[in-house]
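Coordinate-derived values only; no laboratory data. Because the structure is predicted, anything quoted here is derived from the model rather than measured. Cβ coordinates were reconstructed from backbone atoms using ideal geometry, including for glycine residues, and neighbour counts include every protein chain displayed.
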Amino acid sequence: MPPRNPWESYRRIATQTAPPGQLILMLYDGAIRSLEQALRGFGSDDPATANATIHNGVQRAVEIVRELNYSLNMEKGGECAATLRRLYDYFERRLFESNLRKERTGIEEVLRHLNTLRDAWATMLTNQTFAPAPDPLRPPAVAAASP
């Protein structure tokens with residue numbers, strides 16, 4: 001039986017095969033999209049539609065922020081991981097308050113910060129240099145012995 005939604009199938013395969021750094025970028029992109037969708041809810045004339053759109057977008061973003069938080073390696077990440085943990089906790093609180101009060105200011109604030117983090121992460125991935133994989137058919141170079 002073919003998949004119901006080819007886009008969902010593509011996204012599932014993309015997330016299963018993406019390298020870890022790319023997965024973090026995908027999480028940032030998903031949180032940003034969700035918050036942008038939530039903000040569109042403020043433009044709705046129907047209160048039920050507005051509330052549902054805001055709530056659903058914020059909830060998806062909170063789930064993604066939690067995933068980003070859980071993915072932190074606190075042992076190896078040092079102060080950077082600790083700072084990101086505090087920042088993600090703050091994002092979650094701001095989004096909860098904004099969703100509860102249906103105020104856009106907290107959503108906009110978190111969205112700005114997520115865009116900054118996403119751009120920094122993308123730049124880091126772009127500038128990251130990888131050592132070429134060793135050629136299995138070529139023996140490793142041997143250092144010349146000094147006389």
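Need one number: nm distance between label points at Glu109 and Arg4, each 7 Å from Cα along Cα→Cβ, rounded to one decimal.
A separation of 3.8 nm, rounded to one decimal place.
Based on the mean of other Cβ atoms within 10 Å per residue, sort peptides 103-109, 35-41 so the most packed one is first.
Details: 103-109: 16.4, 35-41: 19.1.
In decreasing order of mean packing, 103-109, 35-41 become 35-41, 103-109.
Calculated FRET efficiency, Met74 and Lys102, Cβ-Cβ r, R0 35 Å, to nearest 0.05?
Numbers: r = 34 Å, r/R0 = 0.98.
Calculated value: 0.55.
Would you mind counting up the charge near Leu68? Only other residues with Cβ under 14 Å from its Cβ, with Lys and Arg at +1 and Asp and Glu at -1. Don't skip to the end; give the middle numbers.
Details: positive: Arg60, Arg66, Arg85, Arg86, Arg118; negative: Asp29, Glu63, Glu67, Asp89, Glu92.
Net charge in that neighbourhood comes out at 0.
Under the 0.36 nm per residue contour assumption, what length would be gained going from the current alpha-carbon distance of Thr83 and Glu63 to full extension? Please report the intermediate quantities before stating the final value.
Working: separation 20, 0.36 × 20 = 7.20 nm, distance 1.91 nm.
Between Thr83 and Glu63, full extension yields an extra 5.3 nm.
Let me know the volume per residue of the alpha-carbon convex hull for the range 20-125, in Å³. Walk me through the numbers before you get to the answer.
Working: hull volume 8.7 nm³, N = 106.
Given the Cα convex hull of the range 20-125, per-residue volume reads 82 Å³.
If you place +1 on the Cβ of every Lys and Arg and -1 on the Cβ of every Asp and Glu, how big does the dipole about the Cα centre of the range 20-125 come out, in debye to the nearest 20? It would help to have the intermediate numbers written out before the result.
Working: 14 positive and 15 negative charges, 17 e Å.
Here the size comes out at about 80 debye.
Residue separation times 0.36 nm, minus the C-alpha to C-alpha distance between Leu125 and Asp29: what's the value? Walk me through the numbers on the way to the answer.
Numbers: separation 96, 0.36 × 96 = 34.56 nm, distance 1.44 nm.
Stretched fully, the Leu125-Asp29 segment lengthens by 33.1 nm.
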